[in-house]
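Chemist: Quick one: this structure, given as structure tokens, is what I'll be asking you about.
The values are calculated or read from the model by the stated rules, or taken from the named source; none is laboratory data. Being a predicted model, the structure only gives us computed values, none of them experimental. When we count neighbours, we look across all protein chains shown, and the Cβ atoms used for this are built from the backbone with ideal geometry, even at glycine. The area values use the complete protein model at the heavy-atom level, side chains included, leaving out ligands, DNA and RNA. Shrake-Rupley method; radii C 1.70, N 1.55, O 1.52, S 1.80 Å.
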Amino acid sequence: ATAIRLDGVCRRYRDGDRTVTALDAVDLRIPVGRFTAVMGPSGSGKSTLLHCASGLDTPTSGTIRIGDTEITGMRETARTRLRRERVGFVFQSYNLMPSLTIGDNITLPLRLADRRPDHAWLHDLIGHVGLRGLLNRRPSELSGGQQQRAALARALVARPDVVFADEPTGALDLRTAAEVLDLFGRMVSELGQTIVMVTHDPVAAARADVTVVMSDGRIADTLARPSAERLAH
Ligand code: ADP
Ligand code: ADP
């Protein structure tokens, strides 16, 4: 099954009297349960790809499907609802709400979507991300790695079809980054989660199943992780 599919996606920006082509006829198919990294130089279109694929932004032309649902052509309100129900986000700066406890941060997407927590799943999820005993703390009382693990739990709590991560290890030291990447890998291998991660870090990209390399708004290359390394995981 395909989690996300882009066909001929173009995104142009008007910049004064100039037009910038941030995405230039991108075709991309991401199967369910795959961990995909997106790399490429600054300005190559990575963020635009992430924003279009997740329904935060609308392409100028082309079609985008999340699962069987075509999101291009949807009204803003429908797209926002779909995003809340089916997409999770992880940011470089964690973006946890400072005034909420870790527990309330993690369950926030359920409240926004007016959904009840599935307590068995919540219990498992907290175990997976290793935050048992920390749910009553505030974000400022946690380390960077713990905050990013809480952000991943928040992204997963509504069981989204896909999690989009924008430089999730950018603010972490090497060892903490490796721990967070291990967790991403386990969410893929154990839960079958689909993850798309924009990163500048080759070490982070090496953990993904596939790396998509962007250049000038196009996909310049698609690199599969060597199968020997995949077997060792
Ligand atoms: P990356 O994430 O790889 O750094 P972006 O997707 O942010 O690349 O940007 C791709 C291109 O689109 C760049 O040339 C950038 O300057 C341009 N761009 C991105 N957002 C806007 C915007 N809101 N207005 C005008 N140009 C933009
Ligand atoms: P909210 O619930 O705050 O209205 P949305 O439903 O619009 O947020 O967006 C869903 C997720 O996308 C939220 O986690 C929000 O932080 C994130 N988000 C919203 N706008 C942007 C943006 N321009 N760039 C990156 N992430 C965004």
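Chemist: Just to verify a result, which residue in segment 51-79, among those that are within 16 Å of ligand 1 (Cβ to nearest atom) and assigned to a strand (DSSP E or B), is least open to solvent (accessible area, probe 1.4 Å)? Full working, then the answer.
Modeler: Let us first name the residues in segment 51-79 that are within 16 Å of ligand 1 (Cβ to nearest atom), namely 51-62, 64.
Now drop any that are not assigned to a strand (DSSP E or B), which leaves 61-62, 64.
Values: 61: 49, 62: 33, 64: 0 Å².
Among those that are within 16 Å of ligand 1 (Cβ to nearest atom) and assigned to a strand (DSSP E or B), it is 64.
Chemist: What about residue 34, is it within 30 Å of residue 137 (Cβ to Cβ), open to solvent by 40 Å² or more (accessible area, probe 1.4 Å) and away from ligand 1 (no atom under 16 Å from the Cβ)? First the steps, then the outcome.
Modeler: Working: within 30 Å of residue 137 (Cβ to Cβ): no; open to solvent by 40 Å² or more (accessible area, probe 1.4 Å): yes; away from ligand 1 (no atom under 16 Å from the Cβ): yes.
Against the criterion (within 30 Å of residue 137 (Cβ to Cβ), open to solvent by 40 Å² or more (accessible area, probe 1.4 Å) and away from ligand 1 (no atom under 16 Å from the Cβ)), residue 34 does not qualify.
Chemist: Only one of these conditions is not met by residue 48: (1) more than 12 Å from ligand 2 (Cβ to nearest atom); (2) touching a residue at least 12 places away in the same chain (Cβ under 8 Å); (3) surrounded by 14 or more Cβ atoms within 10 Å (Cβ to Cβ). Which number is it?
Modeler: (1)
Chemist: Working only within segment 65-98, note down all residues that are on the phi > 0 side of the Ramachandran plot and more than 9 Å from ligand 2 (Cβ to nearest atom).
Modeler: Taking segment 65-98 and keeping what is on the phi > 0 side of the Ramachandran plot, we get 67, 73, 94-95.
If the condition is that a residue be on the phi > 0 side of the Ramachandran plot and more than 9 Å from ligand 2 (Cβ to nearest atom), then 67, 73, 94 are the ones that fit.
Chemist: Quick check on this structure: which one of 53, 25, 37 is modelled with pLDDT of 95 or more and at positive phi?
Modeler: 25
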